[in-house]
1. Within the range 160-182, can one find any residue that is open to solvent by 10 Å² or more (accessible area, probe 1.4 Å), within 30 Å of residue 226 (Cα to Cα), outside any strand (DSSP E or B) and not basic (Lys, Arg)?
2. Every residue in the range 183-204 that is part of a loop (DSSP other than H, G, I, E, B) and without any contact (Cβ under 8 Å) to a residue 24 or more places away in the chain, please.
3. Select, from 181, 174, the only residue that is in contact with a Phe, Trp or Tyr (Cβ under 6 Å, 6 or more places away or on another chain) and modelled with pLDDT under 90.
4. Within the range 290-301, does at least one residue satisfy the condition of being under 16 Å from the mean Cα position of the chain (by Cα) and either at pLDDT 80 or above or closer than 25 Å to residue 126 by Cα (or both)?
5. Check off (1) surrounded by 22 or more Cβ atoms within 10 Å (Cβ to Cβ); (2) within 24 Å of residue 18 (Cβ to Cβ); (3) of a type in the set (Val, Ile, Thr) for residue 49 and give me the number that stays unchecked.
6. Just to be sure I understand the filter: pairs with C-beta atoms under 8 Å, separated by 6 or more residues or on different chains, first member in the range 53-79 and modelled with pLDDT under 95, second member basic (Lys, Arg) and in a helix (DSSP H, G or I). Which pairs pass?
7. Does any residue in the range 19-48 that is assigned to a helix (DSSP H, G or I) come within less than 9 Å, Cβ to Cβ, of a residue that is open to solvent by 80 Å² or more (accessible area, probe 1.4 Å) and of a type outside the set (D, E, K, R) six or more places away or on a different chain, and which pairs are these?
8. I need the full set of residues from the range 125-134 which are surrounded by 14 or more Cβ atoms within 10 Å (Cβ to Cβ) and under 11 Å from residue 58 (Cβ atoms), in order please.
Amino acid sequence: METRNQTSASEFILLGLSESPEQETLLFALFLCMYVVTVVGNLLIILAISSDSHLHIPMYFFLANLSLVDFCLATDTVPKMLVNIQIGSKSISYPCCLTQMYFFHFFGIMDSVLIAVMAYDRFVAICHPLHYTTIMSPHLCGLLVGGPWMFSCIISLIHILLMARLVFCGNNELPHFFCDLTPLLRLSCTDTSVNKIFVLIVAGMVIATPFICILASYVRIIVAIMKVPSAGGRKKAFSTCSSHLSVVALFYGTTIGVYLCPSSVRTAVKEKASAVMYTAVTPMLNPFIYSLRNRDLKGGLRKLVNRKITSSS
């Protein structure tokens, strides 16, 4: 009973990105615009791929899933921050905090694994083009997407169960704009060693391992491309990978810094800056990265827009 009296887990205070009212007004406008662009961009990608039969191939199937995950990841964190700024309240209840954390890890893990799956798809397409349709069968594509959904669900649930056993005493101010795992662990007055060990294990599984697999895939891809005799063929092969490489750099460049770097070199400011990148900036940029350099996808988007204009006129 004494432990129950010590806990202050009824709510947390999200300090956000700034404590200045003027800066918060600017941040509200900025993040609102970013969120609207994220929603519109990712939903357009999903609609274009689902409505154009020419895009019903593994590469675009994975891209549609990535757009869905990006949309959900941004929706899990940004709207709550916008509401807090608008109403002038920074509190979040303990159950809502755990719920937000669950979906943040769920979609974050999905993001990482899907990016690795897309690298494997590019590897098969470039290194084994004659067997591509046989290897990337609908059954395998379903497993490569359905498996990570189940895996993410289980890992995220374990995170929440481990977090629910902790006691929070005294300070309940969270120096972040959403309920992230690492800042919350710092507020706990009980032993968090099990949680930290699990964080390292999961980070190795869902960040380090996919990243190593991506690097290995691209080593094989580069070797295969360099064997292409014509310069035009090499350029075309590289162009099909450039968009994915940009997404890899954006996503892993920030998540590795947060979850795999030693705690001694991490600060609250760096963590918040990295979190902004992979919860708001990356989901917003991904539709542009993939659509601007992809002729087929641009064609699908044009068909979708023309169809909507025709139906409304």
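1. no
2. Step one: list which residues in the range 183-204 are part of a loop (DSSP other than H, G, I, E, B), which gives 189-192.
Scanning the range 183-204 gives a single hit, 191.
3. Details: 181 fails: in contact with a Phe, Trp or Tyr (Cβ under 6 Å, 6 or more places away or on another chain).
Among 181, 174, only 174 is in contact with a Phe, Trp or Tyr (Cβ under 6 Å, 6 or more places away or on another chain) and modelled with pLDDT under 90.
4. Initially, the range 290-301 is screened for residues under 16 Å from the mean Cα position of the chain (by Cα), giving 290.
Keeping just the survivors that are either at pLDDT 80 or above or closer than 25 Å to residue 126 by Cα (or both) gives 290.
For the range 290-301, residues under 16 Å from the mean Cα position of the chain (by Cα) and either at pLDDT 80 or above or closer than 25 Å to residue 126 by Cα (or both): present.
5. Of the numbered conditions (1) surrounded by 22 or more Cβ atoms within 10 Å (Cβ to Cβ); (2) within 24 Å of residue 18 (Cβ to Cβ); (3) of a type in the set (Val, Ile, Thr), the odd one out for residue 49 is (2).
6. 59/122
7. Cβ pairs passing all conditions: 28/86; 37/288; 41/288.
8. Residues satisfying the conditions are 125, 132.
The values are calculated or read from the model by the stated rules, or taken from the named source; none is laboratory data. None of the values given here were measured: they were computed from a predicted structure. Methodologically, a virtual Cβ is constructed for each residue, glycine included, from the backbone with ideal geometry; neighbour enumeration extends over all protein chains shown. Just so you know, the surface numbers come from the protein's heavy atoms only, side chains and all, with ligands and any DNA or RNA stripped out. Shrake-Rupley method; radii C 1.70, N 1.55, O 1.52, S 1.80 Å.
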